[in-house]
Amino acid sequence: MSQAAMTSELFNKTITELAALLEAKTITSVQLTEAVIARTQDVEERVKAFNSFDTADALSQAAASDARRAAGQALGPLDGIPIGIKDVIAVTGQPLTASSKMLANFVSPYDATVTQKLKKAGAVIWGRLNLDEFAMGSSTENSAFHTTRNPYNLDCVPGGSSGGSAAALAAGEAIATLGSDTGGSIRQPAALCNVVGLKPTYGLVSRFGLIAFASSLDQIGPFNRTVEDAAITLQAIAGYDENDSTSVKIEIPDYRAALKEKKGPWRIGIPKEYFGEGLDPEVAAAVEKAIEFYKSIGCEIKSVSLPHTEYGVGVYYIIATAECSSNLSRYDGIRYGHRSANAKDIVDLYYKSRAEGFGPEVKRRIILGTYVLSSGYYDAYYLRAQKVRTLIRQDFLNAYNEVDAIITPTTPTPAFKRGAKADPLAMYLCDVYTIGVNLAGLPGMSVPCGFSSGGLPIGMQLIGQPFKEADLLAIANAYDSAHDWSKRTPNL
Amino acid sequence: MKYEAVIGLEVHVQIKTKSKMFTRVAAGYGHPSNTLTDPVVLALPGVLPVMNKAAIDAIIKAGLLLGCDIAPICKWDRKNYFYPDSPKNYQISQFDQPICLNGSVEIELPGAARNIQGEHKSIALTRIHLEEDVGKLNHEAFDSLVDYNRAGTPLMEIVSEPVIKSAEEAYAYLTSLRATMIYGGISDCDMEKGQLRCDANISIRPVGETKLGTKVELKNLNSISYVRDGIAHEIQRQLAVTQAGGTIVQETRDYDGEAGVSQSLRSKEMAHDYRYFPDPDLMPVKVDAAWKARIQAECPELPFAKQTRFQTDYALPYTLTSVLVWDRALADYFEEAAKLAGSGKAQAVGNWIVNDLQRELGVAKIDLTDSRIRPAHIAELVKLIDAGTLLSNAAKEVFIDMAATGETPSAIVAKKGLAAVPTDSTELEGWCREAIAANAKSVAEFKAGKESAINGLKGPIMKASKGKANPKLVDETLRRCLAVF
C-alpha cells in the first residue's frame, strides 16, 4: 500500500488497526491527526458534528504522543488516537457548552475524570461534539447552535442526544468518540449512524466533569467502529473515582482479553414487549436475523418477559425531569454563563437569563420536573416513579436468572427526517427501547446489524448484567466480528 | 387573661473541619473573598459532591453528647431555592432522615443569688441534621457582591422542640449548647464569625391552652444576649398586639439588637416550596455500632456532669465550679493542679485559679495555654502554704513572680528568701516574747511612737533563728506580740 493511499484512509480505520500502525511506526500520531483534521475540514460543512475544534491543540497532543513513542514510552493502544468528546464533558481550556446559549462562552477550567483518563492513556483529545441542548433530545435538533446531519443521509437526523459523537465517528472525523447516555443518548444515535455505542453500568464510569442532566441515569460511554474498539476505550475510562460518590469500587477486568476468553454459548433473552406495535418491519427483520446468528453459533434463545416495560417512558420523564430541574438551577447568570443584559433586579435577572439562555425543550423539562417535585405532588409522581423504577430493574434481574443477555432493537425505526418529529411526545418515543436500561442501571450496547431498503443503518441492542461488561462485549463481539456492517462507511 | 410564651430554637453550628462538606477545598474565616473556592464550591458545570467524613464524625459526636438517637441510615436531600449566595441554587441538606433524632440540652436557670445553684431543666430536641453553609452577600452602593468562601462549610442545624418558656431559658439553652459544642471540639461557636447562628420561633397562648399560638420567626440574632433580648422583646410585642385586640400574623421578623427593635421581613404567603428530593449524587450514609463506639470513646464529660463531680469529689463550692466547668481547658487545668496538690487542697487550688490566675490572664490578655504558670506550679504553691512554708503575702509575691518567670514556687522562695522559717509559729512567737522581755527600752520607745525602735528587737530574734526567719514574718509576728504586750 502506498503511503498516500494508506494515509488517505486512516480516518476510517479502527483503533486496533491504527494502534498497530503506530506501534510499527508506519504512521505517526501527527499524520493520523492531520488525516482526521483534513477529513473533518472536508466533510464537516455537510455533517456539522462539531461545536468547535482546536487543530493546533490536537496536533500538539499528537506530537507529544509521537515523542513518547520515540522515547519508548508509548502508553498503550489509545496513545496518539484522536478521540472526539461530546460537548458536555469537561476538557481543561476548551469550551464546554452543552450546545446551549447558556454556556456558549463557557470554557472549562478543569478536566472531567474521563478526560483525565484518556489523557493518561495518551489519546489526542479532539473537538467538542454537538448534542441536543443539555443532552435533552433524540435528534440533535435541540442544539442551540445547529443540527448535526446523519452521514448516511444528510436530510436525516443522526439521533441524539450524542448525535455529534455518532455522526463524527461515522463520517471519519474522529477515530472514536465519547458520549453520554441518560435514556438512550449513546445507543440510539449509534444505531442511526452505523457505529457501536456502549452505555456502561451506572457507576462503572465516573460522571465527574459530565454536565448533569439526570444524575441517577447519566453515564458516559464510548462510540466505536468495532466492539473490540469499544473494549479498548471502555478499559481506559472505567473505574472507581473518589470524585464521584456514585462510582463503584470494583475490579476492572481486561475487556479486550475477555473478547477471546469468553466464548459462550450464551443464553439470550428476547423480551416480547420490545417487538410489538410501533416497530418498523425492516428493523424487526434485521434484529431477528441477528438473533438467528446467535442461534446458529449455539446460543440458547429464550423468550423473557419484562412486564413493566410499558411504564418506562412515563417513569423516565418524571425522574429525569425532576433531577434536571434541580441540576440546571445552577445556570442562573450569576457566576458564569449567559446573563441577561436587561435585568432590573435579582429575580428579573434569573427570569431573563434563563428565559434567554435555555431552549424550549430544556424549559419544557425544567417546568415538568419542577411540577412533579412540588409539595403535594411529590408522592404521586416522583416517589411513585421511583417505586416503578425498582420494579423495572427487578424485571431485568428476574430475566437474568434465565439468560445471560437480552437482545432488542435499539430504536423503533431507522433515522428519521429532520423536522419530522415536531411533537415532543413523538420524539420521546424514540427512546422507548433504551430507557429501561438506564432506569435499571444496566449496561447496554447498540451494534450495527443491517441497513434499511433506504440505505439507513439499523442497530440491535444488547443488554447485559450489572458490571458484566466483559460478558456483554464478548457476546456483542461474537456477532460484530462475524459481520461487516460496521465496516461500511457513508458516501459523503 | 394570663399568657405564656412558647419558644423553639433553630441553631446553626458550623463544624470545625479542615475542608468543606462536599469538596476538598479548605474551610475557614477571614480569607480574601472567593479564595476558599474550587469548581465544586462554585457549582461549575459537571462537578459532583463528595461527602466529608470528618463532618459526619462531628455530628455523631454532637448527637451522642446531647443524648440523641443516631440513625442507622441517613440520606442527603436537595433543598431547592434560588438565591445568589447558594451556588447550585439548591442546598444539600437532610430532610426526612436526619442523622440525629430526639435528645436534649440540659440547662441551668439563674439561681436566687450568684452563689446559689439555679434550677436545672432539660430542653428536648427534635433533631440535628447536617447541611452545607451558603456564601455571603456584601451589599455595596450599586452592586451586591457575593463571597463564596463560606459556601459549602459543614453546618449542623439543631432544632429544639417548642418547649422553651422564656428569654432566660433560651439564653441558658444557648449557653449550654455552645459549651457542649466547644467541649466536643465540634465548633468554636464564635457568633461574631457566624459559627453559631440562632433563629427563634415564638408564640404566646393563654395559660392552660394546649394548642400553639401563631408563631413568629425571629432572625439575625447575632449574640446570645441578643437572642435573649430579642425574644423578650417579641413576647412583649405579641402580648401588646393581643391585649390591644389584634391578632398575631405568621411572619419572619428581623431583630436589631443594637436598637432593640424588630421589623417584618416576610409573611407566610411568600413561603417557599423547597421541592426536597433525595440527592442522586450522594449515597445514603450507614452508621454502624463500631462507628458510634469510636466516636463515643472521644466524647468528653460535659459541664454539668463535671460540676456535680467537682462538687462531690473535690468538695468545691458552687461558685468555684460555676466558673471552672464552663471552660474545658480551665477545668482540666484545675483537675491537674488539684491532683498534684493532693487531697484536701482542691478548694485552695480552685481559689488560686479562679481568682489569681484568671485575673493574671486578664491583665496580661493571654489565654490559659500561654500562661507561664502551669498546674504543677499552683499545686506546689498550695502545698507550700499548707505546710506553713509560705504565708499569704509571700505567696502572692511568689505568684506574681511565677507569672513573669515561669519558675517553680520553691525556686522563687529560695531566690527571694521568702520561706517562713521556722515553720513553727509558736517557736517564733517564743523568740519574739523573749526579745520583748529582754529589751524593755526598745519596747518603750516603740510604744512611744519611735518606729525604728522595732529594729532593736528584730536583731535578737534573727539571731535566735540563726538568720533563717522570714523577715516579713518576723515583722508581722513581732508587731502582733507587741500589740498584746
query = If you go through the stretch B:79-88 one residue at a time, do you hit one that is at the interface with chain A (Cβ under 7 Å from one of its Cβ atoms), charged (D, E, K, R) and either more than 33 Å from the chain's Cα centre (by Cα) or on the phi < 0 side of the Ramachandran plot (or both)?
reply = yes
key: Of the criteria (1) within 16 Å of the chain's Cα centre (by Cα); (2) in a loop (DSSP other than H, G, I, E, B); (3) not aromatic (Phe, Trp, Tyr), which one A:Met460 fails   = (2)
query = Just for the stretch A:56-92: of the residues that are in contact with a strand residue (DSSP E or B) (Cβ under 7 Å, 6 or more places away or on another chain) and within 14 Å of another protein chain (Cβ to nearest Cβ), which one is farthest from A:Val124 (Cα to Cα)?
reply = A:Val88
query = Looking at the stretch A:293-338, which of the residues that are among the polar types (S, T, N, Q) and crowded, with 19+ Cβ neighbours inside 10 Å is nearest to the other protein chains (Cβ to nearest Cβ)?
reply = A:Ser329
note = Output for Cβ contacts, cut-off 6 Å, separation at least six or different chains, first residue farther than 12 Å from B:Gln347 by Cβ and not assigned by TED's automatic domain parsing to the domain that holds B:Ile353 in the stretch B:312-324, second outside any helix (DSSP H, G or I) and not aliphatic (A, V, I, L, M), reads none
query = Has the stretch A:436-451 got any residue that is touching a strand residue (DSSP E or B) at 6+ places or on another chain (Cβ under 6 Å), in contact (Cβ under 8 Å) with a residue 12 or more places away in the chain, in a loop (DSSP other than H, G, I, E, B) and not hydrophobic (A, V, I, L, M, F, W, C)?
reply = no
remark   = Looking across the stretch A:100-134 at residues that are over 30 Å from A:Ile318 (Cβ atoms) and part of a helix (DSSP H, G or I), the single one that is nearest to the other protein chains (Cβ to nearest Cβ) is A:Thr115
task = Mind listing whichever residues of the stretch B:321-360 are within 20 Å of B:Ala179 (Cβ to Cβ) and not in a helix (DSSP H, G or I)?
result = B:Val325, B:Trp326, B:Asp327
remark   = Counting only strands (runs of 3 or more DSSP E) entirely within the stretch B:119-189, those with at least 2 residues that are under 28 Å from B:Ile202 (Cβ atoms) and in contact (Cβ under 8 Å) with a residue 24 or more places away in the chain are B:120-132, B:136-139, B:154-160
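Residues to consider are A:Tyr294, A:Tyr317; find the one that is part of a helix (DSSP H, G or I) and in contact with a strand residue (DSSP E or B) (Cβ under 7 Å, 6 or more places away or on another chain). First the steps, then the outcome.
Details: A:Tyr317 fails: in contact with a strand residue (DSSP E or B) (Cβ under 7 Å, 6 or more places away or on another chain).
Exactly one of A:Tyr294, A:Tyr317 is part of a helix (DSSP H, G or I) and in contact with a strand residue (DSSP E or B) (Cβ under 7 Å, 6 or more places away or on another chain), namely A:Tyr294.
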ask   = Is it the case that the stretch A:135-145 has a residue that's over 18 Å from A:Thr40 (Cβ atoms), within 14 Å of chain B (Cβ to nearest Cβ), buried (at least 24 other Cβ atoms within 10 Å of the Cβ) and touching a residue at least 12 places away in the same chain (Cβ under 8 Å)?
value = yes
ask   = Which pairs do you get when a residue that is over 11 Å from A:Arg330 (Cα atoms), found in the stretch B:70-88, comes within reach of a residue that is of a type in the set (Lys, Arg), reach meaning Cβ atoms under 7 angstrom, with the pair 6+ apart or on two chains?
value = B:Ile70/B:Lys292; B:Pro72/B:Lys286; B:Ile73/B:Lys286; B:Asp85/B:Lys136
inquiry  = Test of understanding: among B:Ile99, B:Ile73, which residue is more than 14 Å from chain A (Cβ to nearest Cβ) and touching a Cys at 6+ places or on another chain (Cβ under 9 Å)?
reply    = B:Ile99
task = Among residues belonging to the stretch A:364-413 that are polar (S, T, N, Q) and in contact with an Asp or Glu (Cβ under 7 Å, 6 or more places away or on another chain), point out the one that is surrounded by the fewest Cβ atoms within 10 Å (Cβ to Cβ).
result = A:Ser375
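Any residue at all in the stretch B:69-83 that's hydroxyl-bearing (Ser, Thr, Tyr) and surrounded by 18 or more Cβ atoms within 10 Å (Cβ to Cβ)?
Of all residues in the stretch B:69-83, those hydroxyl-bearing (Ser, Thr, Tyr) come to B:81, B:83.
Filter once more, keeping what is surrounded by 18 or more Cβ atoms within 10 Å (Cβ to Cβ): none.
No: zero hits.
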query = What tally of residues in the stretch B:48-57 results from selecting those that are hydrophobic (A, V, I, L, M, F, W, C) and more than 17 Å from B:Asp77 (Cα to Cα)?
reply = 1
note = Within the stretch B:278-302, the count of residues that are assigned to a helix (DSSP H, G or I) and either within 14 Å of another protein chain (Cβ to nearest Cβ) or at pLDDT below 95 (or both) comes to 0
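The values are calculated or read from the model by the stated rules, or taken from the named source; none is laboratory data. These numbers were taken from a predicted model, which means no experiment stands behind them. Don't worry about glycine lacking a Cβ; one is built from the backbone with ideal geometry, like all the others, and counts go over all protein chains shown.
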